[in-house]
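See below for the structure under consideration.
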Amino acid sequence: MNRTDELFFEIIETYQRHAQAARNAKHQETREMAEMIIDVDISAMWFLTQRSPNTRCRLM
């Protein structure tokens with residue numbers, strides 16, 4: 001596994017933690033902030049897949 005793969009899986013784990021925090025949030029403001037962070041996680045995953053053609057192919 002190369003470093004791009006490692007980063008991708010780390011971001012997925014982070015995304016899962018943030019999604020859990022959003023689901024468990026008791027206050028609307030906290031939930032909204034967690035959802036904004038999730039959007040950043042998704043953008044990071046997309047940009048990471050653009051770095052390497054191999055990663056793009058494996059995701060399809």
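Here, each number is a calculation from the coordinates, and none is a lab measurement. Note that the structure is predicted; figures quoted are calculated from it, not measured. Here the Cβ positions follow ideal geometry from the backbone for every residue, glycine too, while neighbour counts run over all protein chains shown.
With R₀ fixed at 25 Å, the C-beta to C-beta distance from ASN2 to ARG31 puts the FRET efficiency at about 0.10. Convex hull volume of the C-alpha atoms in segment 1-50, normalised per residue: 47 Å³.
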